[in-house]
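Only one structure is covered here, and it is reproduced in the block below.
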Amino acid sequence: MKVLLRNPRRELELPGPLAVQALLSSLGCNRESVLVMVDGTLVTGDATIPDSATVEIRPVISGGSS
Amino acid sequence: MDVRRHNAAFCAPCFTRHCREQVKRAIDSYKMVAPGERVLVAVSGGKDSLALWDILLELGYHADGLYIGLGIGDYSDESASFTREFAAQRSADLIEISIPGEFGFDIPTGARAAKRAPCSACGLSKRHLFNKAALDGGYDVVATGHNLDDEAAVLFGNVLRWDLAYLGRQYPVLPGGLGFARKVKPLVRLGERETAAYCVLKGIDYIVEECPMSAGNRHLGYKEALNAIEQTSPGSKAAFYFGFLERIVPMVQPAAEEERGGLHPCPGCGSPTVSEVCAFCKLVSRAAERG
C-alpha cells in the first residue's frame, strides 16, 4: 500500500493488508491526532486496509508541525 | 467516522448532523448568538474556521467571513485562496484585510521588530482587527473557530502557570462592551478530528499544511500531551475543559473582571487597552521604525 503522510509531505510503501491501528502504531501516530483516508474515503479505527490501497494519514492538530 | 469520547461511530450524514447539533447545543447553552444577530466569522482557510462558517450558514445564521492576510508567503496565498473559494461556492460575503497592504508590514517582520514570537504578533493583530471590523461593520458578535482541543490546550497551559487572569477570561463567550464586540467559540463541543472530518465529508477544501511560523511551539506540545492521555482515556479532554467551565470559572472570573476595570481607549486607534498605547499600535509603530 502507498501511504501519504503530511507536514512534511512524504510517501511510503508498506505491505498490506494491515489494520488501521497497526499502521498508526508502526508509524508512531496517535489515533487522536489524525484522520485516516483509504482511497479517498474516511475510515474508522477498526478498519483493515488492503494491500492495493492508497492511504492518507492526515494530521488534524493545528498550531504547529510534527 | 468514529468519535471515541462519545463511544460512537457515524455514517457521513449522521456525522455532519452530529457536528451541527453540537454547535447548536454550544450556541444555546452559552447563549452565544441570539436570533437575528449578525455574526462575523474569523476565517483563516483552515478546517476549523471553514467548518464553523459552513455550519453557521446551514443553521441559518447571518454569517459573514473576515479573512486577515498575514503576509506569510505561499501559506497566506493558499489559505486566502481556499477561503475565497469557500465563500464563492456559497455566495457568502467575505471581508478581507491585508496587514501588509494596509499597515505596511507582514507578521514575520512585525514580530522581529516588536521582539515578539510570530504567533504572539499574529494573535494580537488578528484579535485587534477582528474586533475593529465587527464594531465598524455593525456586527453583533465575532465567532472564532476555537475547538475543544484548542481550549483544552490553552487551559492546560494556563493551569501549568496558574495564570488566574487568563483562566478568568477562558469561557466560550466573552461579553461585549467597553469597546469589545462579543466573542464566541461555537466549536468548543467538537474536537479537531471532528472538524477535519466534517470538512472531508462535506468536500470543503482547506489548508492542511500548518503555518510555517508555528513549528515547535508550546501550544502544540500541550496538545500532544493531552492527546497522549486521550489515546488511553477517551473523554479526558472534554472532562478537563467542561469540568473547568462548570466548577472553576466562577472562582476565577473576578481576576479577569478586575483587569477589565483598567481599560481605556488607545490614543492611537481608540481600541480598548490597559496599557498606555494598545499592543497593535505599538507593533505597527515598531514595524514602521524598522522600515
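Nothing in this text is a laboratory measurement; each read-out follows from the coordinates by a stated rule. Keep in mind that this is a model prediction, so the values were computed, not measured. Note: ideal-geometry Cβ built from the backbone for every residue, glycine included; neighbour counts use all protein chains shown.
With contacts taken as Cα pairs under 8 Å and at least 6 residues apart, region B:2-290 reaches a relative contact order of 24 percent.
Straight-line cross-link reach from B:Lys185 at under 19 Å between alpha-carbon atoms covers these lysines, not counting any fewer than eight positions away in the same chain: B:Lys24, B:Lys31, B:Lys47, B:Lys126, B:Lys132, B:Lys223, B:Lys237. Across B:Gly45, B:Gly216, B:Gly104, mean-square fluctuation computed from a Gaussian network of chain B (C-alpha pairs under 10 Å connected) peaks at B:Gly216. Starting from the coordinates of the alpha-carbon atoms of the protein assembly as shown, obtain the Kirkwood hydrodynamic radius over all distinct pairs and give the value in Å to one decimal. With all distinct Cα pairs of the protein assembly as shown included, I get 21.3 Å. Residues considered: B:Leu52, B:Leu263, B:Leu129. Largest GNM mean-square fluctuation over chain B, using C-alpha springs under 10 Å, is found at B:Leu263.
Among the DSSP beta bridges whose two residues both lie in the protein assembly as shown, what percent are antiparallel, rounded to the nearest 5? The answer is about 50 percent antiparallel.
Bridges between two residues of region B:2-290, per DSSP, are antiparallel at a rate of about 30%.
When shorter helices are ignored and each DSSP H run of at least 4 residues is given -39500 (n - 2.57), the per-residue value for chain B at 222 nm works out to -17000 deg cm²/dmol. Each Lys and Arg contributes +1 and each Asp and Glu -1, all at the Cβ; summed about the Cα centre of the protein assembly as shown, the dipole is approximately 720 debye.
Taking amide H atoms as placed 1.01 Å from N in the peptide plane, the amide H of B:Ser98 lies under 5 Å from those of B:Gly69, each 5 or more residues away in sequence or on another chain. Amide H contacts of A:Leu18: A:Ile49, each under 5 Å away and 5 or more positions distant or on a separate chain (H built 1.01 Å from N in the peptide plane; Pro and chain starts excluded). Size descriptors for region B:1-137, from the alpha-carbon set: Rg then Dmax equal 17.1, 50 Å.
The per residue volume of the convex hull around the alpha-carbon atoms of region B:141-277 is 153 Å³.
For region B:99-110, the Karplus equation 6.51 cos²θ - 1.76 cosθ + 1.60, evaluated at θ = phi - 60°, returns couplings of 5, x, x, 8, 10, x, 8, 9, 4, x, 5, x Hz by residue, with Gly and Pro reported as x. Of all lysines in the structure, the ones whose alpha carbon falls short of 16 Å from that of B:Lys115, not counting any fewer than 8 places away in one chain, are B:Lys282. If you take all other residues with their beta carbon under 13 Å from the beta carbon of B:His146, and give Lys and Arg +1 and Asp and Glu -1, the sum is +3.
Quick one: plug the Kirkwood hydrodynamic radius of region B:42-117 (C-alpha pairs) into Stokes-Einstein at 10 °C, 1.306 mPa s, and report D in µm²/s. Translational diffusion coefficient: 120 µm²/s.
Of B:Ala63, B:Ala215, B:Ala80, which has the largest mean-square fluctuation in a 10 Å C-alpha GNM of chain B? Result: B:Ala215 has the largest fluctuation of those listed.
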